[in-house]
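Undergrad: The structure follows.
Bear in mind these aren't lab numbers, they're just calculated from the coordinates by the rules spelled out. As the structure is a computational prediction, the values presented were derived from the model and not from experiment. Quick reminder, even Gly has a Cβ in these numbers, built from the backbone with ideal geometry, and neighbours come from all protein chains shown.
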Amino acid sequence: MQMHETLQRWVKAHNANDVEYLKSLYATDSVFQLTGSGAISTRESAFKMAEFDYATKTQRDVRTSWIMGDEIQAEVTEKSALLEAAGIHEAHYNGQFIIRGGQIASVQLEPTAETRQATDRALSQFVAWASTASPQRLAQVMPGGRLRYDAEAGRQMLELMCEWKRATR
């Protein structure tokens, strides 16, 4: 099945690490939700997620399952320097996209069971290490135990995750 043009642009922007173009694809009232991390309900917050993805060198691929009107169901594959540092080659999501007027109105990504298990395992090991090795830096990127999504947190998380990888592998 052919991918929707806007979704193609979303993938290309991710893969080119073009954060400004990626941000231009979101509608003014867009919603981004990564299941398990809560809804990011404003365009500005979706921008911060895009900047986090840029900082962690996120690449995405999308395989469309079906298109009905402005709704698209797709399988999303993600690779990033952050995932690699965690020992995860790639993550897989079931995605639902709503496109209106050539812009993304909504993105919902649900990790597959395998991805959820791998990320939960890696994150719990990382947090256990970072709680002792660098508690202040961990608190900066994960205030209240929840990952902060913005460019600076992405850079800091990647740096800290790479330190963890070197220290424990």
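Undergrad: Take every DSSP beta bridge with both residues inside the chain and express the antiparallel ones as a percent of the total, to the nearest 5. It would help to have the intermediate numbers written out before the result.
TA: Working: 27 of 32 bridges.
If I count the DSSP bridges inside the chain, around 85 percent turn out antiparallel.
Undergrad: With each run of n ≥ 4 DSSP H residues scored as -39500 (n - 2.57), what mean residue ellipticity at 222 nm is computed for the chain after dividing by its residue count and rounding to the nearest 500 deg cm²/dmol?
TA: Helix-only estimate at 222 nm: -14500 deg cm²/dmol.
Undergrad: Once you list every other residue whose beta carbon is under 11 Å from the beta carbon of TYR21, what net charge do they have if Lys and Arg are +1 and Asp and Glu are -1?
TA: Details: positive: ARG9, LYS12, LYS23; negative: ASP18, GLU20.
Within the 11 Å Cβ shell, the charges total +1.
Undergrad: A further question follows. In a shell of Cβ-Cβ distance under 14 Å around GLN8, excluding GLN8 itself, what net charge do Lys and Arg (+1) and Asp and Glu (-1) give?
TA: +1
Undergrad: On to the next question. Can you work out the FRET efficiency for the pair ASN15 and LEU123, with r the C-beta to C-beta distance and R0 = 22 Å, to the nearest 0.05?
TA: That gives a FRET efficiency of 0.35.
Undergrad: For TYR21, TYR149, TYR54, which order do you get if you count the other beta carbons within 10 Å of each Cβ and list the fewest first?
TA: TYR21, TYR54, TYR149
Undergrad: Would you grab the residues whose amide H sits under 5 Å from the one on LEU34? Only those 5+ places off in sequence or on another chain, please, with H modelled 1.01 Å from N.
TA: ILE40, LEU109
Undergrad: Next question, about the same structure. Taking a quarter of the surface of the convex hull around the Cα atoms of the chain, what do you get in nm²?
TA: So the mean shadow area of the Cα hull is 9.2 nm².
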